[in-house]
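Student: Pasting a structure below so you can have a look.
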Amino acid sequence: MTAVRQAMPGTVTLIIAHFASVHSTQFLFADPKEMGTLGMSDSLVNEINRRRTFAIISHPDAGKTTMTEKLLLYGGAIHLAGSVKARKAARHATSDWMEIEKQRGISVTSSVMQFEYDGYCINILDTPGHQDFSEDTYRTLCAADAAVMLLDGAKGVEAQTVKLFTVCRKRGIPIFTFINKMDRASKSPFDLLDELEKVLGIRSTPMNWPIGTDGDFKGVYIRENSQVLLFDSSVSDHGASKVKTIEAAAGDPELLKILGEPYFGNLNSDIELLDMAGDPFDEKKILNGELTPVFFGSAITNFGVEVLLRRFLQIAPAPTSRNTDKGTVKPTDKGFSGFIFKIQANMDPNHRDRVAFLRICSGRFDKGMSVKHMRLNKKIQLAQPQQFMAQDRSIIESAYAGDIIGLFDPGHFRIGDTLTDPSLSFRFEDIPVFPPEHFARVMPKDSMKRKQFLKGLEQLSEEGAVQLYKQPGIGTETYVVGVVGVLQFEVLEYRLLNEYGVELNRQNLNYRHARWPMLRDSALPPDPKKLTLTSTSMIVLDRDDIPVVLFESEWAIDWALSRNAGLRFDEIHER
Ligand code: G4P
């Protein structure tokens with residue numbers, strides 16, 4: 001994403017506020033000025049309703065960066081497409097964490113990209129692919145109201161798509177599918193739809209249909225209005241120019257002249273088949289995440305991007321309601337509220353500032369406002385916003401439900417923390433703990449540094465950089481860390497050394513799965529001593545001292561299931 005990040009002028013915004021804590025008793029007396037913001041005006045409701053907050057999910061190389069860039073281009077947030085190459089070059093240059101650290105400010109900027117299009121205010125959440133894939137990627141999806149799933153037409157559903165899709169599915173958010181790279185040879189569109197159902201278990205309804213897929217892409221037929229959009233392969237300017245469009249009905253003889261046989265004939269029979277056997281468009285099912293609308297196109301040439309954007313904006317939900325321990329909070333409910341879903345260390349290692357990303361769930365955020373930090377039961381002031389990365393970002397005076405704001409964090413926030421208007425009192429549902437896939441035993445090289453080691457591990461796990469487990473019974477120094485992406489190990493080593501002065505000994509472990517054993521039909525863990533496990537499985541305790549079993553294989557999980565009647569092994573743990 002580097003080039004996109006670098007190319008972004010002030011129209012792509014990230015809101016950063018600096019906060020200071022105030023005395024804990026103060027929150028009991030809400031400032032009358034703040035109380036004034038509690039009444040929802042029409043303009044506030046309009047602001048919230050015109051927001052669309054979504055993430056683009058894909059397997060690396062499917063074209064997410066290209067698509068993001070094109071969406072920003074349509075929104076006028078960047079003026080020149082085609083910086084993907086520069087980004088790739090930058091990516092190669094940043095293959096080690098030292099370099100990534102230098103780039104950190106850039107990645108902070110792009111954690112959320114906001115732009116306007118056709119009266120809508122759009123927030124795209126960055127879900128890093130590749131090397132930077134981490135638990136953060138999953139957590140970010142908890143802040144989105146919808147997802148655009150990008151597939152490479154030649155590859156179909158790939159491994160990382162499955163993982164990200166599963167998280168979206170669990171949340172029940174609408175998922176829009178864009179099948180990319182149709183300008184190249186691709187799988188048959190019918191096979192791709194079949195794959196969506198067989199691999200992901202989701203029914204689909206094609207919004208448009210490709211004409212010519214064997215490397216001879218002609219265009220797409222838009223089912224909604226029977227319009228044909230013709231692809232112009234002679235344009236090789238990375239999508240800077242508009243695509244040629246003609247209006248024609250599927251059986252229109254004009255279209256026969258333009259497409260020629262067999263494309264014309266194939267299109268007509270495909271459409272007939274789709275109309276007869278395909279799933280009809282059903283907005284309710286789409287919004288429930290039961291049906292995915294499918295768009296075919298080519299992001300690099302802009303082809304089909306605007307069609308996706310327009311339809312997405314029409315169908316995708318405005319900011320959605322969220323569950324709390326006191327019931328549901330609607331975005332248009334009175335009073336500000338939000339939760340922290342991501343914490344990112346600041347780029348300046350001399351100051352241990354971190355940026356906490358907050359999804360606003362209700363009401364409006366104003367620069368300098370006071371809010372209640374629910375976990376600490378303390379009032380904090382989101383004081384003078386501070387611009388800490390200069391030219392790439394602009395500070396906004398206010399933000400609304402659906403928006404993401406970045407807060408400077410001197411160490412007071414944890415993933416999942418709730419901030420509310422001082423007059424309110426509730427906590428948002430916990431962000432799940434996602435299952436790590438790589439594990440390592442860690443200890444300080446120098447045993448004299450144990451205190452700093454523990455402090456660093458604790459803070460980094462609170463920040464969500466790694467998951468931390470203790471191994472009971474083998475002494476206090478035995479810690480195991482779990483990560484979703486191996487880059488997180490490098491980040492841990494680098495940050496422990498640079499921020500805590502601790503050199504790490506890391507011994508990679510052969511485990512691939514973490515499961516929380518639970519008594520069936522209950523949220524209670526069993527007595528770990530009574531578990532029957534394979535000899536290679538290991539029991540550790542998570543941050544909340546709840547037992548977790550580390551398994552080497554799926555087979556070992558099945559074995560444990562068969563030997564422990566009345567138990568289940570949870571993959572995702574809700575705190
Ligand atoms: P990612 O963020 O999902 O990892 O993917 P990215 O956008 O970086 O795209 C991966 C590669 O796919 C890039 O090629 C990009 O140009 C290409 N690509 C993206 N969309 C399309 C498309 O619609 N059609 C075709 N034919 N290619 C597409 P690359 O060779 O890795 O880089 P570059 O040399 O093109 O910069």
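Bear in mind these aren't lab numbers, they're just calculated from the coordinates by the rules spelled out. Small disclaimer: the values here were computed from a predicted structure and weren't measured. Neighbour counts run over all protein chains shown; Cβ positions are idealised from the backbone, glycine included.
Student: Would you please calculate the Kirkwood hydrodynamic radius of region 432-574 over all C-alpha pairs and express it in Å, rounded to one decimal? Intermediate results must be reported in sequence, preceding the final value.
Tutor: Details: mean 1/r = 0.0641 Å⁻¹.
Final number for the Kirkwood radius of region 432-574 is 15.6 Å.
Student: Report the label-to-label distance for Val486 and Leu509 in nanometres (one decimal), using points 7 Å from each Cα along the Cα→Cβ vector.
Tutor: So the two model labels end up 1.8 nm from each other.
Student: Set the Förster radius R0 to 30 Å, insert the Cβ-Cβ distance between Leu313 and Asp275 as r into 1/(1 + (r/R0)^6), and round the FRET efficiency to 0.05.
Tutor: 0.70
Student: Which peptide among 277-289, 149-161, 330-342 comes first, and what is the full order, when sorted by highest mean count of other Cβ atoms within 10 Å? Intermediate results must be reported in sequence, preceding the final value.
Tutor: Numbers: 277-289: 14.3, 149-161: 20.2, 330-342: 23.3.
My ranking of the peptides, most packed first, is 330-342, 149-161, 277-289.
Student: Going by average Cβ density within 10 Å per residue, which order do the peptides 168-174, 194-200 take, highest to lowest?
Tutor: Listed from highest to lowest mean packing, they are 168-174, 194-200.
Student: Which entries of Lys64/Lys372; Lys334/Lys378; Lys155/Lys285 show an alpha-carbon separation above 31 angstrom in the structure shown?
Tutor: Flagged as over cut-off: Lys64/Lys372.
Student: Output the relative contact order of region 432-574, whole-number percent, from Cα pairs under 8 angstrom with separation of 6+ residues.
Tutor: Here the relative contact order equals 30 percent.
Student: What order do you get for Thr137, Thr536 when you list them from fewest to most C-beta neighbours inside 10 Å? Display every interim value, and only then the final one.
Tutor: On the way: Thr137 24, Thr536 12.
The order, fewest Cβ neighbours first, is Thr536, Thr137.
Student: Here's something else I'd like to know. Which GluC sites (Glu not before Pro) in region 451-516 pass both tests, a DSSP loop state and at most 13 other beta-carbon atoms within 10 Å?
Tutor: Taking region 451-516 and a limit of 13 other Cβ atoms within 10 Å, the loop GluC sites (Glu not before Pro) found are Glu503.
Student: If each residue's Cβ is checked for other Cβ atoms within 10 Å, how do Phe296, Phe231, Phe264, Phe190 rank with the fewest at the top?
Tutor: Phe190, Phe264, Phe231, Phe296
Student: Arranged by the count of other C-beta atoms within 10 angstrom, fewest first, what order do Met182, Met443, Met67 take?
Tutor: Fewest-to-most Cβ neighbours within 10 Å comes out as Met443, Met67, Met182.
Student: Need one number: nm distance between label points at Asp282 and Ile546, each 7 Å from Cα along Cα→Cβ, rounded to one decimal.
Tutor: 3.4
Student: So how much slack lies between Asp430 and Ser535, counting 0.36 nm per residue of separation and subtracting their Cα-Cα distance, in nm?
Tutor: Working: separation 105, 0.36 × 105 = 37.80 nm, distance 3.33 nm.
Gain on stretching Asp430 to Ser535: 34.5 nm.
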